[in-house]
1. For a bin width of 5 Å, list the pair-distance distribution of segment A:67-134 built from all Cα-Cα distances, rounded to whole %.
2. Considering only DSSP beta bridges where both residues belong to the protein assembly as shown, give the percentage that are antiparallel (nearest 5).
3. Sorted from largest down, what three extents in whole angstroms do the Cα atoms of segment A:273-314 have along their principal axes?
4. Would you give the gap between the C-alpha center of segment A:152-216 and the C-alpha center of segment A:252-329, rounded to a whole Å?
5. With labels modelled as points extended 7 Å from the Cα through the Cβ direction, what inter-label distance (nm, one decimal) is found for residue B:371 paired with residue A:388?
6. Can you list the equivalent-ellipsoid semi-axes of segment A:245-423, largest first and in whole Å, using the square root of 5 times each Cα gyration tensor eigenvalue?
7. What is the Cα radius of gyration of segment B:146-211 over 2.2 N^0.38 Å, N being its residue count?
8. Run the Debye formula on the Cα coordinates of segment B:325-377, all scatterers equal and no solvent, and tell me log10 I(q)/I(0) at q = 0.14, 0.15 1/Å.
């Protein structure tokens, strides 16, 4: 009775047997009377294969042609799902990015969706045909193929749901929802029935890879109700909604996330004078290093201060090189680094109206002797940097401290989410 | 200084290393001052992989969606070749079937090219950009993806050459030209420097798989000069031209071909009355059986005759079943079949003006005791049906009888053509 968008990821589309499983779910939705548009990813591994070809062809493949190559993966699964649906007696047709079209910017490889023409597809859906749309791809105003960047199919699905005025965008993936933390670390982690866009965004940015960040931003902007659920089980998923909708069981903290992808850099004995911070972070920005947590201590004796920040681990050698070359401008006494760190974050819209969230965190970590190396906060998040070896302990301690522990897990063979895992 | 189309088959595009080899050849043509359009096949094996997915999805995949899936293979190689050319400093861009567009009928899976819009691509080529066009694919008037059927990339190349008014269409393949016969059977087979469209058509129809039949028909109709050459050697290839151009070394016979894909069917004791032939071949046509050679003997005693014909071996069981069911209408005394037969053909425009070609054939075969089971002729071809076990002997004998033997082959490791092999 509603118009819905269903999106299936690469694991769900990996091979014709799994595509049949996807088709069955679509068929069920159609038989329930829904008008259905399906957005599909390429088969798991296929995009990597195509990207590999491009890299072999040229280390710096021209983005416009890279897009032509990698967009082929979703074209294949879109056609295969349409074939499978038709074989099951469900009317369906594929709509490629250029056929709708999905109009994008011409930033090849990382294009942004600018609009989706829905006249033809809405007519087709109204006539009872399932629309199968390859995710990840679009077309420039000049008629060239574009792609949205890795994970872009989530964004395709949310954008299509917004353009179609769909009641809901169901994102089927290989986890069955968003958990209070990584169930592999905390077996008593609980699946959230609801989470707000803001919380989902903060969790995504600290390493929970359930949904691509851009898709959550878009869902928030366009007020698209997103549901995360597993294509391999019938368990209810997690609904990502506007804060105004999230009135049930208001939790202080939605979840505890960790991120082991960063490294810590400390500049010791930096002269505390105007412009010195720019001398540090200007060259890093020029080198496209994404600096995250930044801590600057109050100036100590002799007008010297220490500056600590984190960078992606993969960019640590580059960062150290950039800072060495900027030594004359910065004037630091020493340059230290540590890759064996981890960022632990607690996220929840409830902390807007509750004091003491950070204090609870610091106290809980202190009781286990875990030293905090840096702290950053946002309105709905507190993150701390700790030694990597304490990650599991810290996550468990915080999960308990915020009252997130659920019942003991029923059986070891249950499909477990990995919602909070670092990418 | 000329506008040329270069077409590369699946073996030539199998992997990035081979695509680099293709790009080098294109670069050489560009540096020679040519305006170049390149038509590419999918990587060898890729179309089979995609077809396999479709069959797994549904034994009878809907053709429109089948086309969406299988067209992806050429899209990938087109993008990869453009990337590789650009990395070599050659300006290039891909033009997908829907981007030119290549307009086709809507007979999905076996679409026919109806026209190619060349305004944009000609402007791009005139500005010094190589046009890379995926073969095999096109677009219907309604904007859906089509494919031309297996081997359709040759047809794409010839059609593009005609539309662009190209001076030549070079078909690069894994053989280095068209031979007087299969060099694996006759080591002294010679590569033809020229062959007429008509001869090429007859050779193609009797099993020489160098060029797709439709591409030769189109080249003949549009007067496109086609050159067959190897992408793995620099040897000169075979030029397929109009008969008026073929004035050099006019040979009586262009080549000797064989075809082991047929089976013989004989209806014994068929009543020799009006309508009986229709009673035989009508039901076969209704069952989509492609009947080839047909021999009907003069009526013998009692108004009975025998009818012999060939059908594709794969369709033999179907054919026998159809004829059994039509027994009441045909009234034959017995139904015999033999799959162990082969068709040997000699082809040459020279036989139009020379008598005795068939006689030479029959005499040569008779001297070796090879029995002829059926004979068919066209203006430029004589075909005989013999027992399969005599194939190699017959081909060698005829090759010598028509004076086609060249010098002893130079070395065993030379790349050898398989021009006459049965598909």
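1. Using 5 Å bins, I get a P(r) of 4, 17, 23, 23, 17, 10, 5, 1 for segment A:67-134.
2. Antiparallel: roughly 60 percent of the beta bridges in the protein assembly as shown.
3. The Cα atoms of segment A:273-314 stretch 34, 18, 11 Å along the principal axes, largest first.
4. Centre-to-centre distance over Cα atoms comes out at 31 Å.
5. 8.1 nm
6. Numbers: eigenvalues 246, 66, 44 Å².
Values for segment A:245-423, descending: 35, 18, 15 Å.
7. Rounded to two decimals, the normalised Rg is 1.25.
8. Log10 I(q)/I(0), no solvent term: -0.60, -0.65.
Every read-out reported here was derived from the displayed coordinates using simple, explicitly stated rules and does not represent laboratory data. Note that the coordinates shown come from a computational prediction; the quantities given were computed from them, not determined experimentally. Neighbour counts are summed over all protein chains in view; Cβ atoms, including those assigned to glycine, are modelled from backbone coordinates with ideal geometry.
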